[in-house]
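Structure provided below as C-alpha cells; questions to follow.
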Amino acid sequence: MESKAPPYLELIKRSFNDKDVDDLIEHFRDPERRKAFFKEYKEMEMLYEIISPDAFLRPFIDNYRTLTAIYNVVRKAYTKTVMVDRDFQRKTAMLVQEHVGAYTSQDPLDLVRSLL
C-alpha cells in the first residue's frame, strides 16, 4: 500500500466525482497501464484477504476502499461483461436438482469390495 498505491490514489482529485471517473477512464486507456494496475490491485486484494481482519490494516482501509473504487470504475469501463439471465439460471438449477441425484451405499465398504 505504501509503495504501489500512492500513484493511483493521486488520480482522484475531486472526491471521486464524474470528472475523476472520466480522468480514470482516460488514464487507463492504455492496455498495458491497465494490465499493470489490475495486477497490482489483485496482489493488494489478496494480501488484504489474507491479513483481514487484523488491526494492522486499519490505517490502510480508506486507501484500500479508494483503490477498490478505482478498480471497479476501470474494470467496468474496459472489461467485456456477459449479461446473465437470472431466470435462466434458476430454471437450470431446478432442472439439475430434479434430474440429478446422489446415491449412497448402505455399507461404505460395498464400494471397496466391488473394486476388489
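The values are calculated or read from the model by the stated rules, or taken from the named source; none is laboratory data. Since we're looking at a predicted model, the values are computed, not measured. Neighbour counts run over all protein chains shown; Cβ positions are idealised from the backbone, glycine included.
Determine whether the stretch 61-82 contains at least one residue that is farther than 30 Å from Pro6 by Cα, at pLDDT 65 or above and either not basic (Lys, Arg) or not in a helix (DSSP H, G or I) (or both). Break it down stepwise before answering.
Kept after step one, since they are farther than 30 Å from Pro6 by Cα, are these residues of the stretch 61-82: 82.
From what's left, at pLDDT 65 or above: 82.
From the residues that got through so far, the ones that are either not basic (Lys, Arg) or not in a helix (DSSP H, G or I) (or both) too are 82.
Taking every residue of the stretch 61-82 in turn, at least one turns out to be farther than 30 Å from Pro6 by Cα, at pLDDT 65 or above and either not basic (Lys, Arg) or not in a helix (DSSP H, G or I) (or both).
Of all residues in the stretch 1-58, count the ones that are without any contact (Cβ under 8 Å) to a residue 40 or more places away in the chain, surrounded by 14 or more Cβ atoms within 10 Å (Cβ to Cβ) and over 21 Å from the mean Cα position of the chain (by Cα).
3
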